[in-house]
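Worksheet for the structure shown next.
No value in this document is a laboratory result; all are computed from the given coordinates. For clarity, every value in this text was computed on a predicted model and none was experimentally measured. Methodologically, a virtual Cβ is constructed for each residue, glycine included, from the backbone with ideal geometry; neighbour enumeration extends over all protein chains shown.
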Amino acid sequence: MGSAGVAVRGQTVGDLGAWLIFEDEAGQGLRPPKGRTGGRRGRTPVVNVTDKGTHRVSLAALLAVKQGERPHLFYRALTYRGRAGEPKGFTERDCIRLLDAAHAQLGGPIVLVWDNLGSHRSTKMRRHIDARNWLTVFYLPPYTPELNPLEGVWAHLKTSLANLAKHTIDQLTDLIRTRLKHIQHRPALITGILNRTHLQIPGNPHYRSSLGACFTGDRAITAWCG
């Protein structure tokens, strides 16, 4: 418990009665994602957008699943306005605070799965992990975003932002928070996003085929669900 690496026998999600949590981070600037729309024949619709400077909204989210429980989505948004000394993204402290908030609401042990981002493997993050005996951490294999269901959350979010022109970073931040809150309160939508990953996740028996096939041979992944 509390360490990142190979799972000890008897410390899988099922054995621990733990929540399985996926973490991921993303971002969005003032230029909206591309999307389809309608218009008069021969006249291409034009949406004027603001793309000045480096203003950006950074996002971090947790997707929690457990046998017999509805899925939960937790998120944080960090607005970067280009000011001197302003953080451009999430620090180790920001990430662990989000995990602490999720643990306070969910209770019990947590098995966390995330990518190999530098801040996830730093000495500072290791100290945070080791100080939390309810937390076990595994790392995704490199270059496997398709194994993280939060990619589906980001795709759904960005589709909903397409062709919506926001002129200030604060307007964009408010819109993103509204969209994520909408996803957060629709467990059926989250379940549908989980279904598309085909992972063998607790509470989803039709994922039986792919977990072992995808992760065989990766020492940090094979023992998630046991």
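What is the fewest-to-most order of THR191, THR44, THR178 by other Cβ atoms lying within 10 Å of their Cβ? Intermediate results must be reported in sequence, preceding the final value.
Details: THR191 15, THR44 7, THR178 10.
Final ranking by Cβ density, sparse to dense: THR44, THR178, THR191.
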task = List the aspartates and glutamates whose Cα lies under 13 Å from the Cα of LYS66, skipping any in the same chain that are fewer than 8 positions away.
result = ASP15
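R0 = 30 Å: FRET efficiency of ARG177 with TYR143, Cβ-based, nearest 0.05?
Working: r = 30 Å, r/R0 = 1.00.
So, using R0 = 30 Å, E works out to roughly 0.50.
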remark   = Label model pair THR123, THR191: point-to-point distance (7 angstrom along the Cα→beta-carbon line) in nm is 4.7 nm
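Could you order peptides 92-101, 140-149 by the average number of other Cβ atoms within 10 Å of their residues, highest first? Intermediate values should be presented prior to the final figure.
Details: 92-101: 16.7, 140-149: 15.0.
Averaged packing, sorted descending, gives the order 92-101, 140-149.
Checking the a/c ratio against 1.5 first, then a/b against b/c, what shape does the Cα gyration tensor give for the range 86-187?
Note, shape of the range 86-187 comes out prolate.
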task = Can you pull the one-decimal nm distance between simple spin-label points at THR44 and ASP100, each 7 Å off the Cα toward Cβ?
result = 5.1 nm
